[in-house]
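I have placed the structure first, in the form of structure tokens, so that the comments after it can refer back to it.
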Amino acid sequence: MLSHLISQETLLRLAVFILLGFVFWGLSLRFPMRGFVHQNVKLFDGFFIFIALLLAGLAEEFLTPAVVVGVDAVHHMWQNGPLPDLSLSAPVKLLLYLLCVDFCSYWLHRLMHTKTFWSCHAFHHSPKKINWLSGARGSPLHMAFIVLPGLVFSTLFFIHDGATIFYIIVLIEVGSQHLTHTNLRLPFEKQLELFLVTPRMHFIHHNHNKQYGDSNFGSYFSVWDHLFGTYTDPSTVPDKDRLGLDADYTMGSLILGVRLKEVAQKADV
């Protein structure tokens, strides 16, 4: 059953995830961000690679058939409707893919920060130290929200393209995830944040203070945060090194992501 769920594409993602992870981790040790202490990588973090792999396999197993049916219907209506047949080059389709995925992911990310859906997202915000493995933390519903935009638009834009474009997308997606969850100082950060998400920008999103945690929702591009008023300049945030949640929840409730249960406080004796 597990071997059926873990496809070759998923194993490729795992290999790229680990390889690029060590690359970014090494760079962060040499060029750490200012204002943040060293972000330790613990053996316990590695457990979530397996969890993320299993959840991603389950999501693809059950979501892919429905997405393919929907995309086939859209292509049929497009080809048989009044709209012209637009032939786009691979670079243009890749850019459109990234923009569409990031735009949808931005709004899904904001949705997960609402009161209704916060329980499914809190697990991702639970680490007090952020490292390249932290992006793998997520409840089942969180993982579904994360993979759905890419699954839809990759099928829509690249339905007739070969494997090369898939490899490029994997490198971009995994590299972006590692970059934003790694304590790595980039040159010209202030200028880059006009259009791209930087590590320090995303670390502010993981701040324990909800005022800052409810900002900087973008994954690839920062333009959505600038356009919709959710950008927080990291240089204006005090106590930026305090990450994680402002409440202590049980690990079981965080992983399930259904109803968060606070850890019982021991009585003073």
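A few notes on this one:
- The sole residue among Phe158, Phe153 that is touching a helix residue (DSSP H, G or I) at 6+ places or on another chain (Cβ under 6 Å) and modelled with pLDDT under 85 is Phe158.
- Condition check for Ile130: closer than 23 Å to Met201 by Cβ, modelled with pLDDT of 85 or more and assigned to a helix (DSSP H, G or I): no
- With respect to the conditions (1) more than 28 Å from Phe31 (Cα to Cα); (2) out of contact with any Phe, Trp or Tyr (no Cβ under 9 Å at 6 or more places or on another chain); (3) surrounded by 14 or more Cβ atoms within 10 Å (Cβ to Cβ), Ile255 lacks only one, and its number is (2).
- Helices (runs of 4 or more DSSP H) enclosed by region 178-230 - at least 2 residues per element that are in contact with a His (Cβ under 8 Å, 6 or more places away or on another chain) and more than 21 Å from Gly150 (Cβ to Cβ): 210-213
- Region 146-166: number of residues that are touching a residue at least 60 places away in the same chain (Cβ under 8 Å) and either surrounded by fewer than 16 Cβ atoms within 10 Å (Cβ to Cβ) or polar (S, T, N, Q) (or both): 4
- Test: Phe44 is at pLDDT below 70 and either within 21 Å of Trp132 (Cβ to Cβ) or not in a helix (DSSP H, G or I) (or both): yes
- Residues in region 180-228 that are among the charged types (D, E, K, R) and at positive phi: none.
The values are calculated or read from the model by the stated rules, or taken from the named source; none is laboratory data. Predicted model only: the values in this text are computed from it and were never measured. Note: ideal-geometry Cβ built from the backbone for every residue, glycine included; neighbour counts use all protein chains shown.
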